[in-house]
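Quick notes on the structure that follows.
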Amino acid sequence: MKTKEEISMLIKNEKLIELWRHPNGKIGIIISVVLVLMAVFAPLISPYDPNYPDTANRLAPPSTKHLFGTDQLGRDILSRIIWGSRISLSIAFLAVFVTSVIGLVVGLVSGYYGGKIDILLMRITDIFMAFPRLVLALAFASALGPGIYNVIIAISIVYWSFYARLIRGVVLQIRNELYIQAAKAVGASDLRIMFRHILPMVTAPLLVQATLDIGGTILLASGLGFLGIGVQPPTPEWGVMVSEGRRFITHEWWVSTFPGLFILIATLGFNLLGDALRDVLDVKLKR
Amino acid sequence: MRVRKLIARRIALMIFVLWGIITITFIVARVIPADPIGSILGPQAPPELVEKLRKEWGLDKPLYQQYFDYIINVLHGDFGKSIKTNRPVLEDLKQFFPATIELATFSLIIAVLIGVPLGILSALKKDSAIDYLSRMFALTGVSTPVFWLGLVLLYLFYYKIQIFPEPGRLSVGVQPPDPITGMILLDSLLRGKFDVFLDALKHIILPSIVLGFYNSAYIMRITRASVLEVISQEYVRMAIAKGLRRRKVILKHVFRNAMIPIVTVIGITYGSLLEGAVLTETIFAWPGLGRYATQAFLSLDYNAVVGATFLIALVYSLVNLVVDVLYIYIDPRTRGALEG
């Protein structure tokens with residue numbers, strides 16, 4: 001006889017195997033794992049110091065010595081991309097974590113209690129959803145000033161409302177299920193019902209949305225960096241690097257092209273993973 | 001009657017949301033920055049000038065007073081003067097807005113041309129290599145930084161093989177037609193200037209591809225899901241069972257019913273095009289709202305920031321309102337859901 005934990009482990013493994021068999025899922029897993037490893041081991045694998053200016057070697061084209069060439073200060077672009085993965089991934093993971101927590105609390109409370117609290121909270125989300133994401137993030141990021149933490153705050157302000165809506169929707173669907181009623185009948189507290197009985201039901205859609213949004217926030221943060229409103233130079237943030245190379249695009253195309261390619265690959269990786277997760281976990285999301 | 005009540009409710013919500021938008025822009029422009037004047041003028045600014053601007057902006061008044069003045073001004077369309085252009089912000093917005101509408105509309109056409117056929121193909125060949133490749137293509141679109149794709153395409157198609165012209169709306173030396181709508185493509189046709197129209201058309205293609213590709217993914221996904229859902233319906237299986245040809249079934253039974261969600265998604269996409277325009281316009285020197293907003297954000301031109309943010313959010317919510325109302329009309333089944 002298997003214990004409860006063993007059975008749940010087995011189910012998770014099955015889902016993982018299914019994810020690995022999904023053509024897009026496999027590519028997504030590979031890309032995201034490689035990126036995370038790249039960020040973790042950046043000091044070990046980057047060939048040069050990302051901020052060391054080799055002034056004799058400015059704007060050098062890609063070669064065996066500098067795989068992706070050097071930038072206008074003679075810094076090795078590959079090394080800057082590798083270190084940059086730390087910036088992009090930490091912004092994305094932190095922002096998505098913060099938004100998930102806020103959205104989870106708001107969505108649970110709103111869906112579970114309903115009534116006036118629900119109306120109030122949902123009207124607030126309506127306001128935040130009335131802005132296009134990039135525009136709202138731009139507005140807050142520029143008001144808060146430059147810096148990684150301000151970017152994370154700005155992105156969290158933009159995204160939380162989508163999570164609140166998502167979670168609330170799921171809670172509304174299951175609120176009147178028999179097992180919730182039963183838990184209430186035996187005298188379980190609201191907190192206990194929310195965390196023991198409702199939370200497990202929202203993890204699948206939450207996981208899918210969060211994975212997709214890691215891609216989305218990498219893109220959004222790099223857009224802010226590109227516009228000069230997010231992370232500032234000399235930090236090797238990918239969007240900042242594309243922006244710095246913009247002046248040289250006609251001749252020294254590599255300065256902008258490679259960092260941009262990594263924004264694309266990273267975003268695509270998490271989007272593929274999220275898309276495959278949606279298939280595997282059979283989650284239906286509105287957006 | 002029920003429909004009318006629903007629409008009235010939706011419009012009431014819109015008014016509330018507008019108030020919210022005004023409040024958020026107020027917070028962004030006046031509450032978060034510790035010293036709006038100081039951050040614009042810099043630390044060496046003469047104190048008389050700082051004092052003068054403080055008075056002019058009403059920053060010497062208490063916050064709640066500023067807030068009420070602010071709401072009244074915005075409702076009158078008065079966003080104050082832009083520091084950068086030294087003109088009323090409303091004038092600026094009127095000038096830059098048509099360019100963005102033009103770009104967004106053209107991009108929408110491209111997004112639909114990519115998204116709808118790919119979605120249908122993907123659904124009809126579900127779980128085949130074509131399905132996965134189409135989904136991959138669409139996901140690549142939504143994962144591509146538009147600012148970077150714009151640069152790469154400009155490098156390839158303007159600098160290297162010169163099939164598309166330089167950034168901007170028109171070539172140097174080409175006179176824009178006298179404005180009627182402010183949209184050059186439309187105005188040049190209305191004025192009968194076909195050479196200007198062709199020049200403008202060449203200029204809009206590249207930025208529209210960039211923006212359209214990014215937005216095609218969502219259209220593709222909904223098209224796929226929608227076609228898949230209709231295909232599995234009883235009446236479609238019935239039609240096939242009766243021996244109708246597959247082609248005919250797909251055209252007559254599937255597409256007609258699958259179009260409803262697709263139409264609404266196209267509406268929603270229009271809103272997100274406005275957002276993509278911010279980055280695309282920066283790359284393609286497109287003198288639209290997005291570029292105006294970005295420059296305002298960078299130079300801390302708060303009046304312009306508020307004006308542009310407000311207008312973009314306003315259009316975005318109006319589009320959503322129209323989509324919701326259309327939805328209520330097109331698909332009676334949603335009425336119950338919206339009421340609940």
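Some values worked out for this structure:
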item	result
Qualifying residue in the range B:142-161 (condition: open to solvent by less than 70 Å² (accessible area, probe 1.4 Å) and more than 12 Å from every other protein chain (Cβ to nearest Cβ))	yes
Among residues of the range A:249-260, those that are open to solvent by 30 Å² or more (accessible area, probe 1.4 Å) and more than 8 Å from chain B (Cβ to nearest Cβ), counted	3
A:TYR163 hydroxyl-bearing (Ser, Thr, Tyr) and open to solvent by 30 Å² or more (accessible area, probe 1.4 Å)	no
Any hit, the range B:33-55, residues being open to solvent by less than 70 Å² (accessible area, probe 1.4 Å), farther than 22 Å from A:ALA141 by Cβ, in a loop (DSSP other than H, G, I, E, B) and assigned by TED's automatic domain parsing to the domain that holds B:SER272	no
Output for the range B:282-328, where each listed residue is open to solvent by less than 10 Å² (accessible area, probe 1.4 Å) and away from chain A (no Cβ under 11 Å)	B:PHE284, B:TRP286, B:GLY288, B:ALA304, B:GLY307, B:ILE328
Residue match in the range A:184-204 (condition: over 17 Å from the mean Cα position of the chain (by Cα), aliphatic (A, V, I, L, M) and within 14 Å of chain B (Cβ to nearest Cβ))	no
Helices (runs of 4 or more DSSP H) contained entirely in the range B:224-305, each with at least 1 residues that are under 30 Å from A:PRO146 (Cα atoms)	B:256-283, B:289-298
Unique residue being open to solvent by 10 Å² or more (accessible area, probe 1.4 Å), more than 27 Å from B:ASP324 (Cβ to Cβ) and assigned by TED's automatic domain parsing to the domain that holds B:ILE101 when the list is B:ALA225, B:ALA200, B:ALA241	B:ALA241
All positions within the range A:247-278 that are touching a Ser or Thr at 6+ places or on another chain (Cβ under 6 Å) and within 21 Å of B:ALA285 (Cβ to Cβ)	A:ILE249
Pair list, Cβ under 7 Å, 6 or more apart: the range B:274-302 residue over 22 Å from B:VAL28 (Cα atoms), other residue basic (Lys, Arg)	B:GLU281/B:ARG291; B:THR282/B:ARG291; B:TRP286/B:ARG169; B:PRO287/B:ARG169
Residues being within 16 Å of B:GLY290 (Cα to Cα) and assigned to a loop (DSSP other than H, G, I, E, B) - total across the range A:123-143	2
Residues being of a type in the set (Lys, Arg), surrounded by 16 or more Cβ atoms within 10 Å (Cβ to Cβ) and over 27 Å from the mean Cα position of the chain (by Cα) - total across the range A:35-84	1
Test: residue in the range A:107-122 that is of a type in the set (Ser, Thr, Tyr), in a helix (DSSP H, G or I), more than 24 Å from A:ILE155 (Cβ to Cβ) and open to solvent by 60 Å² or more (accessible area, probe 1.4 Å)	yes
Elements of type helices (runs of 4 or more DSSP H) in the range A:169-287, at least 2 residues being under 30 Å from A:GLY74 (Cβ atoms)	A:199-227, A:238-245, A:254-281
In the range B:266-281, the residues that are of a type in the set (Val, Ile, Thr) and either crowded, with 24+ Cβ neighbours inside 10 Å or at the interface with chain A (Cβ under 9 Å from one of its Cβ atoms) (or both)	B:ILE268, B:THR269, B:VAL278, B:THR280
Boolean, B:MET220 is crowded, with 21+ Cβ neighbours inside 10 Å, away from every other protein chain (no Cβ under 14 Å) and either closer than 24 Å to A:HIS22 by Cβ or in contact (Cβ under 8 Å) with a residue 40 or more places away in the chain (or both)	no
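The values are calculated or read from the model by the stated rules, or taken from the named source; none is laboratory data. Just so you know, these numbers come straight off a predicted model, no measurement behind them. A quick note on method: Cβ atoms are made from the backbone with ideal geometry, for glycine too, and the neighbour counts reach across all protein chains shown. Ligands, DNA and RNA are excluded from the accessible area calculation, which covers all protein heavy atoms including side chains. Shrake-Rupley method; radii C 1.70, N 1.55, O 1.52, S 1.80 Å.
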